[in-house]
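Trainee: Could you have a look at this structure, given as structure tokens, before my questions?
The values are calculated or read from the model by the stated rules, or taken from the named source; none is laboratory data. Owing to the predicted nature of the structure, the values given are computational and were not obtained by experimental measurement. Each accessible area value is taken on the protein alone, full model and side chains, heavy atoms only, with ligands, DNA and RNA left out. Shrake-Rupley method; radii C 1.70, N 1.55, O 1.52, S 1.80 Å.
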Amino acid sequence: LALICRAYAEDQAPDDKGKLESRVVMRFHPRIAPVKVAVFPLLRNKPALTEKARQVFDLLQPHFTTEWDDRGNIGKRYRYQDEQGTPWCVTVDFDTLGEKGPELLDTVTLRDRDTMKQDRVKIADLVPLITGKLRGQ
């Protein structure tokens, strides 16, 4: 109960249209978060995105408690993961497939729960990067 009380937070975050709205966040320390990382395809009805996202999920699952989510829009998926305390979300989008240029091929968006900062990272770097974050490096 003490962990849950300590982790519970409410703050303001912009929605899809840029309007500020309240969000509930469970700010569990990443080491005790029930789910460490969630993987999303940007759109569930695009087989190429879903297939690549499944590959990323399969890569991460042996190393971390990983959740798959392809319901609703991406903003709602982020909010849901924030509410349950997932520290990082990985989004597979059209850049991952190299549609905007070969330099973005096989990269994903890694979103941090607490800062909401999003970084492009190579799929091959995900396991060591998240492992390092869990160790506090």
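Trainee: With a 1.4 Å probe and all protein chains kept in place, how do C89, C5 rank by accessible area, largest first?
Mentor: Descending accessible area places them as C5, C89.
Trainee: So what does L59 come to for accessible area, using a 1.4 Å probe and Å² rounded to 10?
Mentor: 70
Trainee: Follow-up. Using a 1.4 angstrom probe on the protein heavy atoms only, could you order M26, M116 from most to least accessible area?
Mentor: M116, M26
Trainee: Going by Cα centres, the stretch 1-48 and the stretch 64-137 are how many Å apart?
Mentor: 12
Trainee: Specify the residue with the greatest mean-square fluctuation among Q12, Q55, Q118, computed from a Gaussian network of the chain linking alpha-carbon atoms under 10 Å apart.
Mentor: Looking only at Q12, Q55, Q118, the largest GNM fluctuation is found for Q12.
Trainee: Top mean-square fluctuation among I123, I32, I74, Gaussian network model of the chain, C-alpha springs under 10 Å?
Mentor: It is I32.
Trainee: Are any of the pairs K52/K76; K17/K52; K46/K76; K52/K117; K36/K122; K19/K52 more than 25 Å apart by Cα-Cα distance, and if so, which?
Mentor: Among K52/K76; K17/K52; K46/K76; K52/K117; K36/K122; K19/K52, the Cα-Cα distance tops 25 Å for K17/K52; K19/K52.
Trainee: How do D82, D15 stack up against each other in accessible area, from largest to smallest, with a 1.4 angstrom probe?
Mentor: The ranking, largest first, comes out as D15, D82.
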